[in-house]
C-alpha cells in the first residue's frame, strides 16, 4: 500500500497475529491518519501467526530493509514483540493492545519505556470506567464479569481490576469464565442463568445488577446467547464495537474503539517518524472513553440512559436499532 506525497518515503511494518476485522479497521484508520498528516508511507502487513521463526524473520528483514517504524498490532503481538525485540534497533508502537501497565510492560502511565517501545492502551483506567458505572447504577449490588479464561490480557486488564475495585466498594462480583473457547455458547447457556439466579438473591427485580463483557472474542461474539439468558439485566461491554445495529447487541459500552486506539497509535507513529524518541513517550490513553448506546436494547429491558452518556457517545443506535451517530472523531492532542 503506497500513498504518494511530497515528503520522503517512510517504510513501516505492521505485525499482527491472525486475520481480524478489528485489525482491518485499525489499519484503515492508521492510513487515514497518515494521509491527513501528509506522511508518505509504504506499509507492509505481516501475519506472523505468533510463530517465533516467522516473527523473527520479519524483524530481521525489517532491519535489513531499514524500516522506519514497526506497529505491533494486538495484545499477543505486542507481548511477543516486547519479549523478542525490546531494546531493538527499530522503534515499535503498540496498537489494539491492552493496558501495558497492568500487563507489566510499563511501570506507570507517565514515564516513558526508556527503550524502543511506545505503548498505547485499548483500556480505560478502572476508576474512570467505574465512574460511568456508578452513574448508570448508583446503587449497584451485583456485577457479573464474563471473560475467556484463556485470554490472559483480558483477564488481567479488563476483568480482575474491575472485580477488585468493586469488591472494595461492597459490590458482589459474580465471576464467570469460559474454559473452552470452542464451546463458549454451550458454557454461556449455563453461566448466564446461574449469574441471574445469584443476582436475584439480593436484587429480586434485577434493577441493581449488570453484566460486564470483556474484550474476549469467544465471549462477546456470543452476544445473542448472552442476551437470551440475561433477563432484564443490562449487558455492558468494554468493546464499543459490540454495540451495533439491530437487537443482537450490548445495550451499552464504555471503552476504547479499535478505531480510536488506532488513530492515537498512528499519531504516536507520526511523532516518532518526525523525531520523537519512543522511549520518552508516556502511555497513550484515549480520553474521554468511547461510549456506545443502543436505545433499542435499552427500551427492551426498560433501562434509563443517563443524558450525559448521550451527549458524549461516539456511537448511538436509535429505538429502531439504526445508527444515528458513528465514529465521532475526537481532536488530536
Rounding to the nearest 10 and keeping the result within 0 to 90°, find how far the Cα-based axis of helix 184-200 lies from the longest principal axis of the chain.
50 degrees
Report the gain in length on full extension from residue 277 to residue 194: 0.36 nm times residue separation, minus Cα-Cα distance, nm rounded to one decimal.
24.8 nm
Could I have the simple spin-label model distance between residue 168 and residue 323, label points 7 Å from Cα toward Cβ, reported in nm to one decimal?
3.8 nm
Can you give the extra length, in nm with one decimal, that the chain gains between residue 186 and residue 84 once fully stretched, where that is 0.36 nm per residue apart less the Cα-Cα distance?
33.0 nm
Who wins for biggest fluctuation among 286, 128, 162 in a Gaussian network model of the chain, springs between alpha carbons below 10 Å?
128
Neighbour-count ranking [beta-carbon atoms within 10 angstrom, fewest first] of 297, 150:
150, 297
Using only Cα atoms, find the angle between the long axis of helix 52-64 and the longest principal axis of the chain, and express it within 0 to 90 degrees, rounded to the nearest 10.
40 degrees
In whole angstrom, how far apart do the alpha carbon centroids of segment 61-80 and segment 115-162 sit?
27 Å
Gaussian network model of the chain, springs between alpha carbon atoms under 10 Å - residue of 182, 198, 159 with greatest fluctuation:
182
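At 0.36 nm per residue, minus the direct Cα-Cα distance, what do residue 53 and residue 110 gain on full extension? Give it in nm, one decimal, please. Please report the intermediate quantities before stating the final value.
Working: separation 57, 0.36 × 57 = 20.52 nm, distance 3.40 nm.
Stretched out fully, the residue 53 to residue 110 stretch lengthens by 17.1 nm.
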Roughly what % antiparallel, to the nearest 5, for the DSSP beta bridges in the chain?
15 percent
Per the 1/(1 + (r/R0)^6) rule, R0 = 56 Å and r from the Cβ atoms of residue 9 and residue 302, FRET efficiency to 0.05 is 0.50
Please arrange 73, 106 by counting, for each residue, the other beta carbons lying within 10 Å of its beta carbon, fewest first.
106, 73
What's the angle, to the nearest 10 degrees (0 to 90), between helix 75-85's Cα axis and the longest principal axis of the chain?
30 degrees
Using a Gaussian network model on the chain with a 10 Å cutoff between Cα atoms, which of 77, 153, 20 fluctuates the most?
20
Compute the Cα gyration tensor for segment 29-77, then decide on rounded, prolate or oblate, letting a ≥ b ≥ c be the square roots of its eigenvalues: rounded whenever a/c is under 1.5, prolate when a/b is larger than b/c in the other cases, and oblate in all that remain.
oblate
Estimated [θ] at 222 nm from DSSP helical runs (n ≥ 4, -39500 (n - 2.57)) normalised by residues in the chain, nearest 500:
-10500 deg cm²/dmol
How big is Rg to Rh over the chain, alpha-carbon atoms, Rh as the Kirkwood inverse-mean-distance radius?
0.99
Going fewest to most other Cβ atoms within 10 Å around each Cβ, 68, 99 line up as 68, 99
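Read the figures in this text as sums done on the coordinates, not as results from a lab. Predicted model only: the values in this text are computed from it and were never measured. Heads up, the Cβs are rebuilt from the backbone with ideal geometry, glycines too, and the neighbour counts pull from every protein chain shown.
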